[in-house]
Amino acid sequence: MPVERAESGAPPPEEGHLFAGYETDPAFYDEMFDADGAPRAHCRELWAALGGTPRDELATMQERAERSFLHEGITFSVYGEEGAQERIIPIDIVPRIVAAEQWEFLERGLRQRLEALNLFLADIYGPGRVIADGVIPADMVRGCPQFRNAMRGVEVAHGAYVSVCGTDLVRTHDGFLVLEDNLRVPSGVSYMLANRAAVKTSLRDAFRRHRVRGIENYGRLLRRTLAELSPRGDSDPTIVLLTPGVYNSAFYEHMFLARETGVELVQGGDLVVRNGFVYMRTTGGLRRVDVIYRRIDDDFLDPLTFRPDSVLGTPGLFNAYRLGNVAIANAPGTGVADDKSVYAYVPEIIRYFLNEEPLLANVETHLCRDPDGLEYTLDNLDKLVVKEVGGSGGYGMLVGPHATAEERDAFAEKIRATPENYISQPTLDLSRAPCLTEDGAAPRHVDLRPFVLRGQETRLVPGAFCRVALTPGSLVVNSSQGGGGKDLWVLSG
Amino acid sequence: MLSRSALGLYWIGRYLERAQHACRLIADQFETMKDRPVDEIDKGWRRLYGGLRRVPVGGELSSNLDDEQFMLVDAFTLADDLTFEAGNPDSIRSSLANARENARQVRHVVDEDLWSCLNRAFFDLRDLGIADIWQDRPGDFYRRTEDAVRTFFGIAESNMYRDDGWHFLQLGRFVERAQLLSALLEAQLAVYPARGQDTGPDAGPASEAETSDPEAFDAETSDAGADAAADAGPVGDPAADPAADPDWLSLLRICAARDAYGRRHSLHYDPAAVVDFLVADPLLSRSIRYALAQVCAALDAVSAGRPLIAEAGRRAGRLAASIDYDWPNRDPADEEAIRATLRGIGESCRRLHDDIDAAYFSYEPGDGDAA
């Protein structure tokens, strides 16, 4: 082995070296090291740069990055006994690197998937061929709580139902898998940009040598995408970002994006509807709004259409939308396409609408509504993860291998009672990447969320919000549960 | 500009002006506490509470002028109340926290440098208590905090695009200033009723409280009464001489007006002249007249082309005009009337705020507004 390492230009690390105690595990794909423990070719510069940097200097960089997050107010809110607290998402300054050809493949896969999902949404709110042709069961679509009857027959510019998509991807030994399509109000893009700004400062030499592709034009791409949705076409449209307000956990991101894109940040009460048009209250009177990038759920858009008890929305907004006088991104009702049982049909949806084989694989999914899927799930509860189809954020979930026999039995009862409410998937061997710890570099599980934009055309920046489970061994990357962020470097070819 | 964004900037202006005003008042009180007698310290607190329109905990200030120790312990409590007390909405910490919270809500229209200045200022004092600053030169703390506010406005001055956002920041700042000044002057007259009219121009000469040579300046002034007093020769009771009263000097210091007053008038701190200076001087940045000029300019800038909502502008203009044309006709000896006038100015500022709110922030949109 040592001979091979020498050939690959990477001598074995010495005692006290940052990576000296780093242990790869054959069960998990490692983002930086190959099966022999040698740094992968596209990571070598970073490996050498980190190894050559004194440990205390790395610790200082780490500390400085986190302090700058606090000073710049790059925070999210957590609700506890003492009211809302502002916290930062911890950053690990060791970037995750994606080689040029890997990204090229991912990008094609992401474009393909979003294209198909938009066609799917246009179809289910339009002619409904995909249901008539028996590709997907009618009740799964129309019975989905996220299906919005009000959207039937609504004209959507360029068929861009989903204008901003944040797809969760994981890597295993089998390659990249799509874990979840986030098609409603995906967040995290501000952390992608903040992590880049912090890491670029700390590791500028390695960053330059690796020829990392830039992501800083995300704001401009987003603005262009939104402008293309304007019902007024050629004129310079008035675009607003609609936020639930400062108490929303993603408020920092809303503010950040409003500034990046140069649009006004509004709340429901700032908008009024008159004669089928949407206006915002300005110091100079009412001003017509053309495009709303909303960062609130469907339910809170318009109390007249969706939830009468909501105080957040703007009465009459949906009517203005249906009349074609304002664009809303993402369109209401996109949540039906990221439902966990519809997810299982996405490969078929791609084949049906595009007549192509899907590039990005799904996680193997068993629908408990099918007798076979139910039987398989109940027989293998100790090996599977069972999820509620409408659930999110880890709620209503059973992680079989970590549950007790009693918990599994109790859950099996719930599945039998309403099988259509559940799906199951194998527990995934998420890939790992090195993180800075007090004892040197250590492996932690990671995923990634790239952001794909769709207006008249599809656009994406070569980057992603890379989430990392900072607790050793943990697979939970959620920021509310001990997850952190990493910069993700996509290399030029 | 979105009304709510403008409203946020307006309040940032108000809260920071309030914080700065409190810093200046309290820092000056610490100066008084260095070497002035107990009864002057007591009066200083009364002016402070009056000027900040704060009712002391317990309803009124408890004084025990015979017990110096009591007065010092009391000072600790009072300074804490005005500086750090979370339950006091106008304490310096509350003002900074409110300014920051407003900035957080409209951060997309707040320059990055401005935000980080405000955010740091807040974090610098968030975890402090009065005990942390009491022992070691407490004046430094207030100067540091005021510096942060000055830095904020300095950055705003150099960075901000002069659109509505800038004008509403200015508007908030100077509406607050006019209102705070009227309250401070009213409190000053209540706590230190001028004794000039009782003792007449024959009162004693300038006191030792003045550090520079008063005669040199007096010779250049046309204030016959003051000249006569300076010529009177024998050193009398300094408290009997209104021109020598350190309380009027300290008022000028609080308003950063001592040097300007000295150049413009004399080093005799004649109460009527000091009040006139702080109300009506158009060149003094901490005069009511100057603040109103800024308010009028900001309102002009944001109201361009909108005759329907000119009520705020008219009220501000009337107020400024009354200082130009009515104020000079007052009877300087009638302090009751002057205090009533100052109260009236404060009340007008409150109405002005309501006008601004109704015109720009919480107006009921009619169909005619839709453009």
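The values are calculated or read from the model by the stated rules, or taken from the named source; none is laboratory data. Fair warning: this is a prediction, and the values are worked out from it, not measured in the lab. Don't worry about glycine lacking a Cβ; one is built from the backbone with ideal geometry, like all the others, and counts go over all protein chains shown. Keep in mind that these areas ignore ligands, DNA and RNA; they rest on the heavy atoms of the full protein, side chains included. Shrake-Rupley method; radii C 1.70, N 1.55, O 1.52, S 1.80 Å.
If we keep just the residues of the stretch A:136-173 that are part of a helix (DSSP H, G or I) and open to solvent by 30 Å² or more (accessible area, probe 1.4 Å), which is nearest to A:D338 (Cα to Cα)?
A:R142
So is A:L436 out of contact with any Cys (no Cβ under 9 Å at 6 or more places or on another chain) and of a type outside the set (D, E, K, R) or not?
Yes.
Closer than 30 Å to A:S235 by Cα and either in contact with a helix residue (DSSP H, G or I) (Cβ under 9 Å, 6 or more places away or on another chain) or open to solvent by less than 40 Å² (accessible area, probe 1.4 Å) (or both): which single residue out of A:A361, A:A337, A:A329 fits that description?
Answer to the selection: A:A329.
Mind listing whichever residues of the stretch A:246-265 are within 8 Å of chain B (Cβ to nearest Cβ), outside any helix (DSSP H, G or I) and surrounded by fewer than 24 Cβ atoms within 10 Å (Cβ to Cβ)?
Within the stretch A:246-265, A:V246, A:E264 meet the criteria.
Taking the stretch B:300-334 only, how many residues are in contact with a His (Cβ under 8 Å, 6 or more places away or on another chain) and open to solvent by less than 30 Å² (accessible area, probe 1.4 Å)?
1
Within the stretch A:38-46, is even one residue surrounded by 15 or more Cβ atoms within 10 Å (Cβ to Cβ), away from chain B (no Cβ under 14 Å), closer than 29 Å to A:R459 by Cβ and in contact with a Pro (Cβ under 8 Å, 6 or more places away or on another chain)?
yes
Is one or more of the residues making up the stretch A:71-93 at pLDDT 85 or above and within 18 Å of A:R209 (Cβ to Cβ)?
yes
Would you mind telling me which numbered condition in (1) acidic (D, E); (2) over 16 Å from B:Y15 (Cβ atoms); (3) out of contact with any Asp or Glu (no Cβ under 8 Å at 6 or more places or on another chain) B:E40 fails?
(3)
With respect to A:V289, is the statement that it is within 29 Å of A:N217 (Cα to Cα), within 8 Å of chain B (Cβ to nearest Cβ) and surrounded by 19 or more Cβ atoms within 10 Å (Cβ to Cβ) true?
no
Please enumerate the residues belonging to the stretch A:181-190 that are over 8 Å from the mean Cα position of the chain (by Cα) and open to solvent by 20 Å² or more (accessible area, probe 1.4 Å).
A:R184, A:V185
From the list B:R100, B:R126, B:R107, B:R137, which residue is within 14 Å of chain A (Cβ to nearest Cβ) and modelled with pLDDT under 90?
On inspection, the qualifying residue turns out to be B:R126.
Out of the residues in the stretch B:305-346 that are under 14 Å from B:L292 (Cβ atoms) and acidic (D, E), which is farthest from the other protein chains (Cβ to nearest Cβ)?
Filtering first and then ranking leaves B:D326.
Select, from A:E388, A:E364, the only residue that is under 30 Å from A:V130 (Cβ atoms), touching a Pro at 6+ places or on another chain (Cβ under 8 Å) and in contact (Cβ under 8 Å) with a residue 12 or more places away in the chain.
A:E364
Restricting attention to the stretch B:149-172, which residues are under 25 Å from B:G44 (Cα atoms) and open to solvent by 10 Å² or more (accessible area, probe 1.4 Å)?
B:R150
Test of understanding: among A:T238, A:T243, A:T282, A:T314, which residue is within 12 Å of chain B (Cβ to nearest Cβ), open to solvent by less than 30 Å² (accessible area, probe 1.4 Å), over 24 Å from A:F451 (Cβ atoms) and among the hydroxyl-bearing types (S, T, Y)?
A:T282
Filter the stretch A:206-221 for residues that are in contact with a Phe, Trp or Tyr (Cβ under 9 Å, 6 or more places away or on another chain) and part of a loop (DSSP other than H, G, I, E, B) and give the result.
A:H210, A:R213
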